[in-house]
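S.K.: What follows is a single structure, and I will ask about it in a moment.
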């Protein structure tokens, strides 16, 4: 909001657009006082246009979840060479999105890897492809894992969940039906 208030053409310059809750584009150019007021009140939203500069890259894999988390490609491919990978704001970057898309769409023979790559490179139009059958998505977050040799590896707890776990364990959680003393 501060950037839009300072420069009413910010939306256009940065490749964004203002949309209604239904996704209808209100403006992709200058922002009027009325549009600014509706943005402030939450009646309108700002979204980034599709294309090579989009922070989510050229493909987004949507799946049901209450957090609006997606799997997505990225224009910042160099991040995959980093040891630390928590550069996103909750979504999950995919290193080989075309390969994943081709695998996800494997029951749709018309969606070959070549067609997926062509669709990703084909311009600025959104194209939604729904699955015939849902694919389960399981996302795990762990700060300690055992490697195949039995060594335990520890990682930074970037979300702060270990403190919650420590508190729960300190309370002596009783598991129904277990052999724990009452």
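All of the numbers you see were taken from the coordinates with simple rules; none came from a lab. Everything numeric in this text was worked out from a predicted model, so none of it was measured. With ideal geometry, Cβ positions are generated from the backbone for all residues, glycine too; neighbour counts draw on all protein chains shown.
S.K.: Taking the radius of gyration and the Kirkwood hydrodynamic radius from Cα positions alone, what is the Rg/Rh ratio for segment 2-48, to two decimal places?
M.R.: When Rh is taken as the Kirkwood radius, the ratio is 0.91.
S.K.: Also, I was wondering about something else. For every helix of n ≥ 4 consecutive DSSP H residues, a contribution of -39,500 (n - 2.57) applies; sum these over the chain, divide by its total residues, and give [θ] at 222 nm rounded to the nearest 500 deg cm²/dmol.
M.R.: For the chain, the value works out to -6500 deg cm²/dmol.
S.K.: Roughly speaking, what is the stretch gain from residue 147 to residue 114, that is 0.36 nm per residue apart minus the C-alpha to C-alpha distance, in nm to one decimal?
M.R.: Extra length available between residue 147 and residue 114 comes to 8.2 nm.
S.K.: In the chain, what is the volume of the convex hull around the alpha carbon atoms, normalised per residue and reported in Å³?
M.R.: Considering the Cα atoms of the chain, their hull volume per residue is 232 Å³.
S.K.: Hey, another quick one. For segment 6-100, state the average projected area of the convex hull of the C-alpha atoms over all orientations, rounded to one decimal in nm².
M.R.: Quarter of the Cα hull surface area: 7.7 nm².
S.K.: Hey, rough spin-label estimate for residue 132 and residue 32, points 7 angstrom out along Cα→Cβ, what's it come to in nanometres?
M.R.: 4.8
S.K.: Could you give the length gained on full extension between residue 66 and residue 171, defined as 0.36 nm per residue of separation minus the Cα-Cα distance, in nm?
M.R.: Stretched fully, the residue 66-residue 171 segment lengthens by 34.9 nm.
S.K.: For segment 50-144, what relative contact order do you get, as a whole percent, if you take Cα pairs closer than 8 Å and at least 6 residues apart? List each step's numbers first, then the result.
M.R.: Details: 90 pairs, mean separation 22.1, N = 95.
About 23 percent, as a whole number.
S.K.: Give or take rounding to whole Å, what are the principal axis extents of the alpha carbon atoms in segment 50-144, in descending order?
M.R.: 41, 29, 22
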